[in-house]
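A.B. asks: This structure is in structure tokens; I'll ask about it shortly.
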Amino acid sequence: MEEIKDGAIHQTAVKLAEEIKNLSIYKSFYTDIQKLVSSPNVNKEDLKQTLQQAMKEKGLDIKLKNTVFHWVRTQSKHNKSDPITLLTKAGAQWEKRIHKSLNSMCTDLETSLAKIRSQSELEELLEKWNELSTYNLDLTKYRPVYAPKDFLEVLLTLSGYVPYTKEDEPKWEFAHLPLQTKTLEQLRKIYTEWACGEPLLGVNPGMPSSMPGFVSLEAERIALGERVAALGYAPVTQEFLKKGSPQCLRAKLWTQVLGAETSSQHATYFNQLKKCVLEVDLMIDKLVFKDVQLTASNDDQYFVFEDLLYQVMLCFSRDSEVLDQLAGHIGAAVTVPVRGRHGDVTTFPPSGVIPFHGFTMYVCVSLATPFCYLYSDPVQLYCTFRAFYVRYWHHLHYISTHPQGIVSLCLLYERLLEANEPLLWIHFRNINVNPIRVVFKWLMRAFSGHLPPDQLLLLWDAILGYDRLEILPLLAVAILSFRKENIFQVNTPQNVDAVLADLSTIPVIPLLQLALMKS
């Protein structure tokens, strides 16, 4: 047995040694090691020990450990091929539907998916790069490629859903799909710190700062967090985030756990993306502009970051590395082949991410905008946002059997609601309101645009700390439970939506902790 175990470790080490050569960090890290080996700090007579000590003194040991940590997290044990024919078929149909919508829009607008900007257009865009909110575009004829409700309708076909009639019982959306989800008891074992009632930041957000208990917890977390941030070891940072991060440390800690630290190399890459934006006009640029105007621009909390949102999202659409990384998670992205002027075929958009209605709310407001509270450097903002998206949010708008994917999360939500709030479940059946329709927009956008930024950031602390998304359907059930007495008083979908429309007073951490501690 030990030989088998040692052999497996050896094979993993060999694979890591090969793959690390393809990482962006490799060249600079290798150069640093070469300099270190040739320094007086390393003795060739005792190379191993003196090199390890020298690496520790220079912080290269932490850098190497973090690289291994982030590499291991990308080696998903989930089988990327969907074993369920329904999911595979639905995914293919969804891609065709998006392709058709894009091509139809191009035909209607008599435009192309991509074209080279004229010199005058390039110069105007460059001049207004730092104030893109003043960049004049005629967006009146542009429409979203698709909306969250369209995506939900596709997901509903997975269950063969039929509306309720007196003669026939409704088929609840995902209940029959053979996917494994966690029970509440299993979630308690995952979120142990929360289920055991340990002190968490955000449990008493309304408590006066003069109260000793609240102040001491905040001060204690800041003191401990400063030590964690100084150490810079990603697994320790991840563990710290389980109980919440003080606002003053969140930017540093999120960057560490996501492996999103930046260097001059990242700044160069961001400028290359900017150059692509300036040179090539993509049709989806207009969709991004219009969506930001309809969402973040009209929000009192976010409109001041409008110019930065445009920069980040336009660069993101050109980032082909996103497509490469997504392929490692989902196997394929929804893209359209575009034939260039020389006959070469390229991918549209280069990132593989086609924006939908509310995309900037889901991605920008969900990520970039609260990040704007944390990061003033656009390069650091971009790298952290991209890492967050590739690690988590892409799961919320691709069809797959991944345990963190949107289908599994919808199924988990339904099972938790039926098992733990049976009266509410029955009420929804009686009034013919499908439970998933009530909360789908929350799940797909990870509650962005629905919760205030301070509560949203605490929620994402937990997502990073536990490295999983099941907390989203758990929070959805907790909110319904919190407002169930009001829900019992209404009997139409419109009135249910009205009861749940305003989440500005929802205390996220207390509700989640209560749901996990509830017997």
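Each value in this text was obtained by applying a stated rule to the coordinates, not by laboratory testing. Bear in mind that the values here come from a model prediction, so they are computed numbers and not experimental data. Positions of Cβ are generated from backbone atoms using ideal geometry, with glycine treated the same way; all protein chains shown enter the neighbour counts.
A.B. asks: Can you list the residues, at least 5 places off or on another chain, whose amide H is less than 5 Å from the amide H of residue 280, using H built in the peptide plane?
C.D. replies: Amide H neighbours of residue 280, under 5 Å, 5+ apart: 117.
A.B. asks: Quick check: the distance between the Cα centres of segment 30-78 and segment 88-161, to the nearest angstrom?
C.D. replies: 45
A.B. asks: Would any residue of segment 386-407 have its amide N under 15 Å from a label point 7 Å out along Cα→Cβ of residue 88? List them or say none.
C.D. replies: 400-402
A.B. asks: Let me ask something else. Amide H to amide H under 5 Å from residue 348: which residues, 5+ apart in sequence or cross-chain, H placed 1.01 Å off N in plane?
C.D. replies: Result for residue 348 returns 336, 338.
A.B. asks: Once phi is turned into θ = phi - 60°, what whole-Hz ³J(HN,Hα) does the Karplus curve with 6.51, -1.76 and 1.60 give for every residue of segment 485-490, x standing for Gly and Pro?
C.D. replies: 4, 6, 5, 4, 8, 10
A.B. asks: Right, something else. Lys and Arg at +1, Asp and Glu at -1: add these up for the other residues within a Cβ distance under 11 Å of residue 32 and post the number.
C.D. replies: Numbers: positive: 27, 35, 58, 63; negative: none.
It works out to a net charge of +4.
A.B. asks: With θ set to phi - 60°, apply the Karplus curve 6.51 cos²θ - 1.76 cosθ + 1.60 along segment 22-34 and write out the HN-Hα couplings as whole Hz, x wherever there is a Gly or Pro.
C.D. replies: Computed from phi, the couplings for segment 22-34 are 8, 7, 5, 6, 4, 4, 5, 5, 5, 5, 4, 5, 4 Hz.
A.B. asks: Give, in nm to one decimal, the length gained when the segment between residue 47 and residue 104 is fully stretched (0.36 nm per residue of separation minus the Cα-Cα distance).
C.D. replies: Gain in length upon complete extension: 14.0 nm.
A.B. asks: Follow-up question, since we're still on this one. Considering the options 256, 288, 269, tell which one lies farthest towards the positive end of the dipole of segment 232-294, charges being +1 on Lys and Arg and -1 on Asp and Glu at the Cβ, about the Cα centre.
C.D. replies: 256
A.B. asks: Hey, another quick one. Can you give the net charge of the other residues whose Cβ lies under 11 Å from the Cβ of residue 279, counting K and R as +1 and D and E as -1?
C.D. replies: Around residue 279, the surrounding residues sum to +3.
A.B. asks: Across segment 391-485, how large is the tail of the calculated P(r) beyond 19 Å, expressed as a percent of all Cα pairs?
C.D. replies: Here the long-distance tail beyond 19 Å is 40 percent of all Cα pairs in segment 391-485.
A.B. asks: Separate question: Please work out the FRET efficiency for the pair residue 111 and residue 347, using the Cβ-Cβ distance as r and a Förster radius of 30 Å; give the result to the nearest 0.05. Don't jump to the answer; show the numbers that get you there.
C.D. replies: Numbers: r = 18 Å, r/R0 = 0.62.
Efficiency for this residue pair is about 0.95.
A.B. asks: For a distance above 12 Å, tell me the whole-number percent of Cα pairs in segment 393-449 that qualify.
C.D. replies: Considering segment 393-449, 67 percent of its Cα-Cα pairs are separated by more than 12 Å.
A.B. asks: Calculate the dipole size of segment 376-519 relative to its Cα centre from +1 charges on Lys and Arg beta carbons and -1 charges on Asp and Glu beta carbons; express the result in debye to the nearest 20. Present the calculation step by step, with values, prior to reporting the outcome.
C.D. replies: Details: 11 positive and 11 negative charges, 54 e Å.
Roughly 260 debye for segment 376-519.
A.B. asks: Quick check: net charge around residue 187, other residues with Cβ under 12 Å of its Cβ, Lys/Arg +1 and Asp/Glu -1?
C.D. replies: +4
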